[in-house]
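Below is one structure, written out as structure tokens; comments come after it.
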Amino acid sequence: MKHTLSVLVEDESGVLSRISGLFARRGFNIESLAVGPAEQSGVSRLTMVVEGDDRTLAQMSKQLNKLINVLEVNDLTRTPAVERELMLLKVSAPPENRAAILDLVQVFRAKVVDVADQALTIEVVGDPGKLVAIENVLASYGILEIARTGRISLERASGVNTAYLKVTSLDKRVPA
């Protein structure tokens, strides 16, 4: 199972190296990693996606909490949270395909951020599922390059679990 961890750390050199080393020594791959300043000066937030069972991740969280510069570790996997990722795609876009690609960009509420004679660079922001979906749709046109930021996530202040709402609203639909 994939887990999303939000880790607050002191903004000191070497902290990221110690955290990634902790995971590497135990044979864990960090699938996604995003680091940036947090709401408090001198503190950074690391958001990482790692794979493992609940027991193993609980142990890793305990190990992370033992590191001197780690202030707080939260597993957001089962917590109502907002998750976003940024992806840039460079897509082959000769004139005969350009209109169709631009229509798809609008459907996904993405943006064209660069235009060339034979290519478009598209910016997509959203949950990881949206990024996979647009990548799959644009693959038939020829994806030339992709760059992704990695997932960032914050616990929902409202506590509303939108994933749960999607499932329950589908269950309540009346058959046609």
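All of the numbers you see were taken from the coordinates with simple rules; none came from a lab. Everything quoted here is computed from the prediction, not taken from an experiment. Here Cβ is always computed from backbone atoms with ideal geometry, including for glycine, and neighbour counts include all displayed protein chains.
Quick look at the values:
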read-out: Average projected area [Cα convex hull, the chain], square nanometres; value: 14.1 nm²
read-out: Whole-Å semi-axes of segment 82-153's equivalent ellipsoid (Cα gyration tensor); value: 21, 11, 10
read-out: On Cα atoms only, tilt of 54-66 relative to the major axis of the chain in degrees; value: 60 degrees
read-out: Extension gain, GLU12 back to ALA24 (0.36 nm per residue minus Cα-Cα distance, nm); value: 2.3 nm
read-out: Relative contact order [Cα under 8 Å, 6+ residues apart], the chain, whole percent; value: 26 percent
read-out: Contact order relative to length of segment 82-153, as percent, for alpha carbon pairs under 8 angstrom and 6 or more apart; value: 52 percent
read-out: Loop-exposed trypsin sites (Lys or Arg not before Pro) per DSSP, neighbour cap 14 Cβ within 10 angstrom, longest uninterrupted part of the chain; value: 27-77
read-out: Residues with amide H under 5 Å from that of GLU72, placed H, sequence gap 5 or more; value: LEU8
read-out: Where Rh is the Kirkwood radius over Cα pairs, Rg/Rh for segment 1-68; value: 0.95
read-out: Helix 162-171 axis, angle to the chain major axis (alpha carbon atoms, nearest 10°); value: 60 degrees
read-out: Karplus 3J(HN,Hα) series, Hz, for segment 21-30 with 6.51 cos²θ - 1.76 cosθ + 1.60 (x for Gly, Pro); value: x, 4, 5, 5, 4, 9, x, 9, 9, 8
read-out: Under 13 Å from LYS62, Cα to Cα: aspartates and glutamates that are on another chain or at least 8 residues apart; value: ASP54, GLU72, ASP75
read-out: Placed amide H near ALA38: partners under 5 Å, 5+ positions off or other chain; value: VAL43, SER44, ARG45
